[in-house]
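Below is one structure; the comments refer to it alone.
Just so it is clear, none of the values below were taken in a lab; they were calculated from the coordinates. What you are looking at is a predicted structure, and each value in this text was computed from that prediction instead of being measured. So basically every Cβ, Gly included, is an ideal-geometry build from the backbone, and we count neighbours across all protein chains shown.
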Amino acid sequence: MATKLITTTGDIALKHTPASQHPALVYLAGLGERSRRPMRHALDVIAGLLTDGQADALTMPWTAIRFQHMALVRSRLAEHYKPASANRMLAALRGVLRAAWCLGEMDTDT
């Protein structure tokens with residue numbers, strides 16, 4: 001059953017995804033051991049920003065992210081974090097979206 005979240009960026013529905021098809025888990029599994037924890041934290045922060053704190057890296061529906069969500073994330077990260085930290089978080093987000101594309105969950109236009 002999906003829970004619908006209303007945020008400033010529109011509706012984002014939470015869903016359950018098998019681990020082998022979960023973009024965040026696939027992305028994190030491809031990282032080195034020392035990188036997993038900080039990148040997982042970055043994804044938790046981004047998921048929280050997009051859902052007003054109601055989702056984390058594992059419950060966030062990453063494939064629902066669109067241009068307006070990216071714009072919101074960029075602006076909020078720039079407001080609250082140093083450039084290096086914001087860039088690291090954006091790199092984590094790009095990695096998850098790339099994994100979603102490789103899994104066939106997103107198309108190139110998205």
For the range 26-41, Karplus couplings with θ = phi - 60° (6.51, -1.76, 1.60), whole Hz, Gly/Pro x:
5, 4, 5, 5, x, 8, x, 4, 6, 8, 4, 5, x, 6, 5, 4
Based on the mean of other beta carbon atoms within 10 Å per residue, what is the order of 57-65, 85-93, most packed first?
57-65, 85-93
Excluding LEU28 itself, what net charge comes from residues whose Cβ is under 13 Å from its Cβ, given Lys and Arg +1 and Asp and Glu -1?
+2
